[in-house]
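**Q** First the structure, then my questions, so here it is.
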Amino acid sequence: MEAMEIDSEKHLQRKQSIYRVADEKYEIHKETYRGQQYSQIYFARLHLMRTLLHSLVHDWKPHLPVCTVLGLEEGKECIIVGTLYKHMKLKPTVLDEYSKERSVIPLVKPHNFVHQDDQLVLEDESGRVKLGGTVVLPSVYVTGVVAALHGKETAAGDFLVQDILEAGLPSQIELPLSSREDKYVVFISGLSVGSNTSNPLQFQLLVDHITGHLGDEQEQSIAAQIVHVVIAGNSVEIAHGLLNGQNLALKDQSRLSEPIKELDILLTQIAAGVPLDIMPGPNDPANFSLPQQPLHRCLVPGSSTYNTFRSCTNPHSFELDEIRFLGTSGQNIDDLEKYSEAKDKLEFVERTLRWRHLAPTAPNTLGCYPFTDKDPFLIEDCPHVYFVGNQDKYETRLFKGSEGQLVRLICIPRFSETAVAVVLNLRNLECHALSFGTQFSS
């Protein structure tokens, strides 16, 4: 009898981790758009990346001179460093959007705008030159990538590319993974609370699993090893009919706030037991352009009372037990998919690492704040975990850099459509999908 009483009083202690947020460069203070030009962010990007690439050229091809576009000579091999620009036949324009609104017959546009006639040019402060050859494929590269090119000018005035040098992954701190214990991070994305595809029961099952209110003692002991939860964008979805800018009726105003209230109730349950980071996404009540600023705490009054709750920027950078995380809510990768081609989403993710830039298509086709003296999307430190939210399906693999860097790449699927979360083990950076299907056969 005494033994039973002792067992009933046994409590599981949740493991802890050391957390450090590193979102300072994504935070915007005293923002203003008046009189600012987007060209300045390109100048800042080119200046920083060119300094880096010049240092790499010495080891790459030290026998070749580095020239400007204006200093090219016909037939003379050299290296030029600049920003790629892609002329695209199918790239949508503002006039297309206007025509779509005014036309009786809807205009059909492809999901991907790549065309076989697309052409690349390279641009620096002195000028621009059209690129030729088969080394730099227009289907792979996008506007905004800074690279070094080896080649020579042709009689036609083009630059025949013979080789390309990308910035590559930055240096990475080494981790003593062998001495670590099992600790788990749960990634969720695309909850879309309030949408037709959202299933409250599935999210409640996830919440109960994280907080240890689901399953037997063994499952609860595993749940006690969850040390952090990250929600990567698109947490709510508000009906478009309610966002038409007109004065809303009282019942419509309540419908507008219901998804956010429902989300707050669920987040409060998580934050009561586990540290929680929430990032904004394109559908959330936050600024639309990157970097998106944290969701205002007044939107989630219940969960924001806990010191475990953190409203973060998108992109989001942080450390857990000296493991570096970097992630977005998916806009950067979704935009790359529109303007280039790859075999899968993870290849797009790999490219951003090789280009050392989170969002190369910003501000050309992806909205971003017009920074004047910096480009915050440059990847200065190599993460150990790089995650992207709001994807069609769960995908992951380890990506290895030229200097031995190892990065766990993760595509987090939309939870409202797949009922899948992703779990990462801090001990060995292995991860797996966690499914919360609620369909039962009769």
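Matching residues to (1) in a loop (DSSP other than H, G, I, E, B); (2) among the basic types (Lys, Arg); (3) closer than 21 Å to SER402 by Cα:
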residue	(1), (2), (3)
ASN307	yes, no, no
ASP335	no, no, no
LYS343	yes, yes, no
PRO363	yes, no, no
LEU366	yes, no, no
THR372	yes, no, no
TYR386	no, no, yes
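**Q** Next question. With respect to GLU403, is the statement that it is part of a helix (DSSP H, G or I) and acidic (Asp, Glu) true?
**A** No, not satisfied.
**Q** Here's a check for you: in segment 286-305, which residue that is touching a helix residue (DSSP H, G or I) at 6+ places or on another chain (Cβ under 6 Å) and in a loop (DSSP other than H, G, I, E, B) is surrounded by the most Cβ atoms within 10 Å (Cβ to Cβ)? Walk me through how you get there before you give the answer.
**A** At the first step, the residues of segment 286-305 found to be touching a helix residue (DSSP H, G or I) at 6+ places or on another chain (Cβ under 6 Å) are 291, 297, 299-300, 302-304.
From what's left, in a loop (DSSP other than H, G, I, E, B): 291, 300, 302.
Working: PRO291: 24, VAL300: 22, GLY302: 17.
My answer is PRO291.
**Q** For ILE222, state whether it is surrounded by fewer than 17 Cβ atoms within 10 Å (Cβ to Cβ), outside any loop (DSSP other than H, G, I, E, B) and within 29 Å of the chain's Cα centre (by Cα). Please lay out each step first, then the result.
**A** Values: surrounded by fewer than 17 Cβ atoms within 10 Å (Cβ to Cβ): yes; outside any loop (DSSP other than H, G, I, E, B): yes; within 29 Å of the chain's Cα centre (by Cα): yes.
Yes; evaluated as a whole, the condition is true for this residue.
**Q** When the residues of segment 114-133 are filtered to those that are among the polar types (S, T, N, Q) and at pLDDT below 95, which remaining residue is farthest from the chain's Cα centre (by Cα)? Let's see the steps before the verdict.
**A** Start the filter on segment 114-133 by keeping residues that are among the polar types (S, T, N, Q), which leaves 116, 119, 126.
Pick out the ones that are also at pLDDT below 95 and you get 116, 126.
Numbers: GLN116: 28, SER126: 33 Å.
Applying the filter and picking the extreme gives SER126.
**Q** Give me the residue from segment 315-358 that is open to solvent by 20 Å² or more (accessible area, probe 1.4 Å) and under 14 Å from the mean Cα position of the chain (by Cα) and, out of that set, nearest to LYS91 (Cα to Cα).
**A** Checking each candidate, the answer is GLU337.
**Q** Here is a follow-up. With (1) in contact with a strand residue (DSSP E or B) (Cβ under 9 Å, 6 or more places away or on another chain); (2) under 21 Å from GLU27 (Cα atoms); (3) at pLDDT below 95 as the list, and CYS298 as the residue in question, which single condition is left unmet?
**A** (1)
**Q** Moving on. Somewhere in segment 244-262, is a residue of a type outside the set (Val, Ile, Thr), modelled with pLDDT of 90 or more and crowded, with 24+ Cβ neighbours inside 10 Å?
**A** No, the conditions are met nowhere in segment 244-262.
**Q** Moving on. When residues of segment 141-191 are filtered for being assigned to a loop (DSSP other than H, G, I, E, B) and either closer than 30 Å to ASP321 by Cβ or open to solvent by 10 Å² or more (accessible area, probe 1.4 Å) (or both), how many remain? Show your work before the answer.
**A** Residues of segment 141-191 assigned to a loop (DSSP other than H, G, I, E, B): 141-145, 154-158, 166-176, 180-183, 189-191.
Now restrict to residues that are either closer than 30 Å to ASP321 by Cβ or open to solvent by 10 Å² or more (accessible area, probe 1.4 Å) (or both): 141, 143, 154-158, 166-176, 180-183, 189-191.
Here the count works out to 25.
**Q** Further question: Considering only residues that are in contact with a Gly (Cβ under 9 Å, 6 or more places away or on another chain) and either modelled with pLDDT of 90 or more or small (Gly, Ala, Ser) (or both), which ones fall in segment 212-236?
**A** Residues satisfying the conditions are GLY212, SER221, ALA223, ALA224, ILE226, VAL230, ILE231, ALA232, GLY233, ASN234, SER235, VAL236.
The values are calculated or read from the model by the stated rules, or taken from the named source; none is laboratory data. Treat the numbers as computed from the prediction; the structure is a model and nothing was measured. Every residue, glycine as well, gets a Cβ built from its backbone with ideal geometry; the counts of neighbours run over all protein chains shown. To get the accessible areas, we keep the full protein, side chains included, count just its heavy atoms, and leave off ligands, DNA and RNA. Shrake-Rupley method; radii C 1.70, N 1.55, O 1.52, S 1.80 Å.
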